[in-house]
Structures are given as structure tokens and as C-alpha cells.
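The values are calculated or read from the model by the stated rules, or taken from the named source; none is laboratory data. Keep in mind that what you see is a predicted model, and the values were worked out from it rather than measured. Reconstructed Cβ throughout: ideal geometry from the backbone, glycine too, with neighbour counts over all protein chains shown.
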Amino acid sequence: MRSPRSVYLVTRVHGLRIHLLDLDDIQLLAKAGTLEQIADKLMPTEYAKDISRPSSGKIYASELEAAFLKRMVSRFFFVTSIAYKDFKSFVLAYARRFEVENIKRVIRAKHTGEGVGQLIPLSAEQTSVNFKDLLEAKDVAEAVRSLSKTAYAPLAESLNMYNEYKTTLVLESHMDKIYYDAVSLGAKKLKDRDITRLIGMEIDTKNLVMLITMKDRKINPKLVEHLIIKNGRLSEERLVSMSRSGLGEIESALKGTPYSEAVGKAVEALGKKMGMYKVETSLLRPMLKEVKSTMNKSLHLPFVISYLVKSEMEAKNLIAITMAKQLKLSVSLLQDILLV
Amino acid sequence: MAATSDRVSATSGVLLRLRKQLEFIQNGKDILEMKRDHLAAEINKYLQTLSTIREETEKSLADAYEYLKIAYSKLGYSGLSSSASSVSPLDFKTSMRSVMGVEIPVITDFSGESGTADFTNVPEPTAQQAAEKLRLSLEKLLKMAEVEVSVERIATELMMTNRKVNSLENTVIPRITRLITDIEEQLEEEDLEEFFKAKKMRSTIRSKGR
């Protein structure tokens, strides 16, 4: 029997779901001629609070991107504020993905000494990391050391490997491992099969994108093996064995899994020298399918997670649409990029 | 002593010096002609590749721009900027090659000292692909710049050499040749005058003796 708090949370999220843009809205925005038209179309939605029309009337995609990211973050943290007990811990762990992305951005910049650039807007309450210290770090090692009092302290263990391979991919994958360990642990505590499956599929998708694209980039298999994230639905042994084999073997190794068709399409896209976005979009399909089916179980907690995934997808789609409009990308290419 | 129209003393010494000068200038002209031919051959070689390189560069840049647009759309401005910050700025080395004394640039190493053209570090596959396409375009762009600079420098040298050859051929050599001819004629005239003088003196002496 579901607790009243769980019913309350799901009901609130049902209310929040109404604010998400549906497929028709996304398609309508994709067909808009200018950024100003997009901004106008978004005025009756939740984004109206975050989008400001300057007196000159000229809007830039980067400004809209910041607004979309701000809305996405606030949607996530609103759910964390109304969640309870174990589910609250889980959603909080899940929402750490923005903090993880920001840390990765800082580390990348410290690696080359370039400027950090724009970060995902997070308030002090929405992060466990002191970004001021992190940003002031002189190099990667100092940045990693500044995380010693956070959940990302184990990152220091990967510094030797970072120095050996001279790539931040080592640190980024370690960040992902720390993040997904916490999320998987939170999911296990909930004892909800659907949530565990959803998180497992997200990890699998990340691993498959990494494995297939790294194979294509001919990256050292030892390094690829190190980048594998545990806790997915596919066993670590299976992924390690795939990291040592060719693309064709990866395809046959995944026969009978939900990823079989998607991997086939991704390998075909690679073979035809199509864009990497095709590979990524193909590999994302099984997870999107899973999110859609979870969205139908509307009276259960997985619905909340699906809502969060959908919120993130919406932000990504809106960013894609606005960038595509500013850069005059063709509508057909934009349709291939959209996560629908 | 007679003088030519160019105010040069018409003496055998001057004639000898002018002949040597003419021989030297002729040799110089031959060498300059050889240089001109070599430069023309070199410029032809570059011009043949230039149109192909231009076409390839334009195509490659259009292709890279398309991938860059996709990467921007997929990752957003902040996402792609962050991916780009994981790679150091691209670097390249140049050296100089001499073609008949004309220094032309040669791009030797595009990746630079630290091998910065390595995009392993780029985390996002879409960004990595765009970066690879851009790197290829930049390589082509640099190759095009190398060829264009070479063509420009060789063309300038060719023009100068041609001017020198023309000036030698049409002004200097004809002038010296004319000078030599003038001096030769004057010397011949003087010789003839001397001969007649001697002949007249001989006949006067002979008539007085009778």
C-alpha cells in the first residue's frame, strides 16, 4: 500500500507535468522562423519567468539556453523539496548531475588553463561543492584536492591515471562512477524495480555511447575499460569484454537485450560515416522508450523520475531548437537531434 | 682623343673593358633567364594545385561548419564551450624553403610541441567529431595559405627578374653594343686617318728627296 506522502508527491508531480511542453509544442517551436518567435511562443509557458526580452528586441540563443537550464534546475530542486525520506535522498543524489557536470567543466578548463566559461546555474543550497575554491584552483590536481571534503573525495585516486594518460576523461568517468554509485544506492533503498531499471538503462546508455564512440575514435582499450561505469543493467564483465572486441562483436554481444536494435542502428550510422549525433540518438532510443512507458505508470514513484528525465530532455530540446535557429541549421537535421 | 655620344673615351682600353663588360652582362642575362624559367615553372606547379586546394578547403570548411552547428545544437553554447576548453589551442610550426633565393614558408608540424591536435580529451562524441572536421579544415586552410604565400612571393620575384632581363636585353646590352660599335668605328676612322697621314708624309718626304 502506498503511503499518503508518496501519493501526495506523485499528485504534485502530475500537476508539474502539465507545465512540460508536449511533442506538438516542440515541433511547433522547431518550425519557428526566428528566436524572437520562439521566445514569444514560450511566453504563455513556465519559461516566461526566465525569458526577458531586451529593449532592442534581439535575443541570443545563449541567453535562452541559460533560461532553459535555470528552469530545468529549479524543476529538479522543486521535486527534491517536496520529496520525503529515502525518496528525497534519492532525488537529491539524482539532481547532483548538474553539480557533476559543473565540476567536469571546471576540470576540463583547468587541464588546459582555459577560462571555465558558463556553468549550469546552481544556488549554494543546490550544491555540496564550494565552487569558489574549485574555480580558484591553479591546476587539475589542486581542483581535485579542493573536493576532498565532498562526496567526490575519491576522485584523488584517479590523479595518477590522469597523469599517465594525460586526459580528463579519466576524471570525468570517475565523477560519473561516484555519481551513479550514489544514485544506484539510493534507488536500491527504494526497492522499486522500475526506478532501478530506469537508472540501470541510463548507465547502460552512457556506457554504450562511450564504448561505441571510443571504438570509432580508436582510443586505447585499456583506457576505455577504465571508463566503464558500474551498476548498469549490463554486467561489468560483459562491458569489459565488449571494450576489448570490435564493433561487430559488440552488436552480436547485445542480441536479445533492449539495446540490440539501437546498437545495430548506431553501428550502421558509424559504418556510413554519418554524424555522431545519429549514433547517440540511436543509442538513447531504448531509454526514451522506457521513460515513455514509465510515464504511463502514473500513480507510482517512477513517474516522478520520468518527469525529471522529461524535464532534462525538454531543456536539451529547447537548447537544440534555439541554437539551430540562430545558426540556421536545417529543420531536417534539427529533427534528427531532437529527443522525441 | 675622340669621345662617343655616351662621353666615353674611344680608346682601345675602353673598348676592351666594354667588351668584357658586355660578356659579363650577357652571362648575367642568361643566368637571370634561367632563374626566370625556373620561377615560372615553380609558379605553374603551385598554380595547378591552388585551385584544387581552394576548392577542397571551401568544401571542408562548409562541412566543418555544418558539424559545428550540429554540435552547438546538441550540446548548447555552454556545453560545447566547455568541451572546447578541454583542448589546448591548436599550434603549428613553419620552416622556410628557398626557391632560387625566394624564401617560401613550409608548414611542418600542425600538432605543435604538445601534440595539441589530439582530441582524445574531448568528452562529447559530437563535439569531438566537429573538432576533427575543423582540424582538417584548418590544415587545408594552412596549406592554402602556404601555397598562396609561395605564389605571391615567387610571382614578385618573377616580375623583378623579368624586369631585370628586359632591361638588360632592351636597354643595357643594346647601349653597350652600340657603344662598342661606335668606339670600333671611331678607332677604325682614327686608324685610317693615321694611315693617310703616314702615307702623305711618306710621299712628301719622297718628293723632297727627288
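If you go through the stretch B:65-115, how many residues are modelled with pLDDT of 95 or more and away from every other protein chain (no Cβ under 12 Å)? Residues that pass the stated criteria total 0. When restricted to residues that are in a loop (DSSP other than H, G, I, E, B) and either of a type outside the set (D, E, K, R) or closer than 19 Å to A:Leu339 by Cβ (or both), the stretch A:11-70 contains 20. Residues of the stretch A:70-79 include at least one that is among the aliphatic types (A, V, I, L, M), in contact with a helix residue (DSSP H, G or I) (Cβ under 7 Å, 6 or more places away or on another chain) and either more than 14 Å from every other protein chain (Cβ to nearest Cβ) or more than 30 Å from A:Leu134 (Cα to Cα) (or both).
Scanning the stretch A:196-230 for residues that are among the polar types (S, T, N, Q) and either in contact with a strand residue (DSSP E or B) (Cβ under 6 Å, 6 or more places away or on another chain) or surrounded by fewer than 20 Cβ atoms within 10 Å (Cβ to Cβ) (or both) yields A:Thr196, A:Asn220. Can you confirm whether A:Ala67 is among the hydrophobic types (A, V, I, L, M, F, W, C), free of Cβ contacts under 8 Å to residues at least 40 places away in the same chain and buried (at least 19 other Cβ atoms within 10 Å of the Cβ)? Considered against the rule, which asks whether it is among the hydrophobic types (A, V, I, L, M, F, W, C), free of Cβ contacts under 8 Å to residues at least 40 places away in the same chain and buried (at least 19 other Cβ atoms within 10 Å of the Cβ), A:Ala67 comes out as yes. Being crowded, with 16+ Cβ neighbours inside 10 Å, in contact with a helix residue (DSSP H, G or I) (Cβ under 9 Å, 6 or more places away or on another chain) and not acidic (Asp, Glu) is a description that applies to A:Leu254. Of B:Ser51, B:Ser82, all but one fail to be surrounded by 14 or more Cβ atoms within 10 Å (Cβ to Cβ), part of a helix (DSSP H, G or I) and free of Cβ contacts under 8 Å to residues at least 40 places away in the same chain; the exception is B:Ser82.
The helices (runs of 4 or more DSSP H) found wholly in the stretch A:159-262 and carrying at least 1 residues that are at pLDDT below 95 and within 23 Å of A:Lys297 (Cα to Cα) occupy A:169-190, A:193-216. Answer with yes or no whether B:Glu193 is exposed (fewer than 13 other Cβ atoms within 10 Å of the Cβ), charged (D, E, K, R) and in a helix (DSSP H, G or I). Criteria met by B:Glu193.
Does B:Lys20 satisfy the condition of being surrounded by fewer than 20 Cβ atoms within 10 Å (Cβ to Cβ), under 30 Å from B:Glu169 (Cβ atoms) and away from chain A (no Cβ under 13 Å)? Yes; evaluated as a whole, the condition is true for this residue. Name every residue in the stretch B:32-48 that is of a type in the set (A, V, I, L, M) and surrounded by fewer than 16 Cβ atoms within 10 Å (Cβ to Cβ), in order of residue number. The answer is B:Met34, B:Ala40, B:Ala41, B:Leu47. Within the stretch A:273-300, being within 14 Å of chain B (Cβ to nearest Cβ) and in contact with a helix residue (DSSP H, G or I) (Cβ under 9 Å, 6 or more places away or on another chain) holds for A:Met274, A:Gly275, A:Met276, A:Tyr277, A:Lys278, A:Val279, A:Glu280, A:Thr281, A:Ser282, A:Leu283, A:Leu284. Within the stretch A:96-123, being in contact (Cβ under 8 Å) with a residue 60 or more places away in the chain and either among the polar types (S, T, N, Q) or assigned to a helix (DSSP H, G or I) (or both) holds for A:Arg97, A:Val100, A:Ile103, A:Lys104, A:Ile107, A:Arg108. Does any residue of the stretch A:301-320 turn out to be over 18 Å from A:Met210 (Cβ atoms), facing chain B (nearest Cβ under 10 Å) and part of a loop (DSSP other than H, G, I, E, B)? Within the stretch A:301-320, none of the residues are over 18 Å from A:Met210 (Cβ atoms), facing chain B (nearest Cβ under 10 Å) and part of a loop (DSSP other than H, G, I, E, B). Of the candidates B:Glu148, B:Glu157, B:Glu169, the single residue that is crowded, with 16+ Cβ neighbours inside 10 Å, in contact (Cβ under 8 Å) with a residue 12 or more places away in the chain and under 21 Å from the mean Cα position of the chain (by Cα) is B:Glu157. You will find that of A:Arg5, A:Arg97, A:Arg53, the residue that is of a type outside the set (Gly, Ala, Ser), under 26 Å from A:Met295 (Cβ atoms) and exposed (fewer than 15 other Cβ atoms within 10 Å of the Cβ) is A:Arg5 and no other. Candidates are the residues of the stretch A:80-121 that are under 18 Å from A:Asp176 (Cα atoms), of a type in the set (D, E, K, R) and at the interface with chain B (Cβ under 9 Å from one of its Cβ atoms); the one that is nearest to the chain's Cα centre (by Cα) is A:Glu101.
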